[in-house]
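Below you'll find the structure, written out as structure tokens, and then a few comments.
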Amino acid sequence: GVSMYPRTTRFTFLFMLTVSALLAACNSQPPAPASTPAPAPPQPIAAEDRVKWYQDCWNLFSKHQWAEFKNCYSPTASADQVSYGLPAQNGSDALVAAAQQFVQGFPDMAGEGQLILVNGSHVTGVYLLKGTNDGPMPGLGGKETPATKKKIGLLFAHAVDVEETANRITREWGVMDNGSMAFQLGLSKNPGRPLMASGEASPKIVFAKNDETERKNLETEKTQIAAWNMHDAAAADAFNND
């Protein structure tokens, strides 16, 4: 058919439609990308999970599985090995090496849990260390002490600070009665605790409540320590059961 518009008019009309479409395309905004939900913040470790992990780490020590045992520590962890002849350690490699050095004199060394206290990211344990001195032990001045072939059995106090949202030790303290160990091995004539052959079948586990009773107990402990620091034996002993 014949268009009702002249050719020039039709061209102008089509040109304007094209320009309008291009302008609309240029002015349109691209669709906003789908928003990614923010990751949930890491949650603190539950006390029950903390206890299980703590016992698992002790089992790795007792089995001398050192590669897995290293994972119990933060790479930058530090430790004070109080009273059993090892200097402060820094770094997970050094801490594992110190444990290996201690165990080299007792190839069957193992720990048995007696008491575990948990308060948030702080864990304290008392473990019974048992083993036979079948290997040389490092001594003063780098000299090794020959194996005595005797057994030890004594309590070891252990405290750790742990990451809030991960089961990795950041700070560690170990305390042992080194005099009693020397006594049990026949290396010292000074009196010491006799060999402890057995303890509790399973550890007693206590979760802190941080309630009024515990706060009073804490104040009692501080008061007794203050009396000790003042060298007031009578006041310090007044807190002890007969």
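Values as computed for the structure displayed
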quantity	calculated
Mean accessible surface per residue for region 86-195, computed with a 1.4 Å probe while every protein chain stays in place, in Å²	49
Restraint check, Lys70/Lys130; Lys52/Lys216; Lys151/Lys209, Cα-Cα greater than 31 Å	Lys151/Lys209
Neighbourhood net charge (14 Å Cβ-Cβ; Lys/Arg +1, Asp/Glu -1) for Val160	-3
Options His122, Ile225, Gly192, ranked by Cα towards positive dipole end of region 120-232, top entry (Cβ charges)	Gly192
Accessible area of region 109-170 belonging to carbon and sulfur atoms, whole % at 1.4 Å probe	58
Length-normalised contact order of region 152-242 in % [C-alpha pairs under 8 Å, at least 6 apart]	19
For region 185-242, size of Cβ-based charge dipole, Lys and Arg +1, Asp and Glu -1, in debye	320
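The values are calculated or read from the model by the stated rules, or taken from the named source; none is laboratory data. Everything numeric here is computed off the predicted structure, so don't read it as measured data. Heads up, the Cβs are rebuilt from the backbone with ideal geometry, glycines too, and the neighbour counts pull from every protein chain shown. The area values use the complete protein model at the heavy-atom level, side chains included, leaving out ligands, DNA and RNA. Shrake-Rupley method; radii C 1.70, N 1.55, O 1.52, S 1.80 Å.
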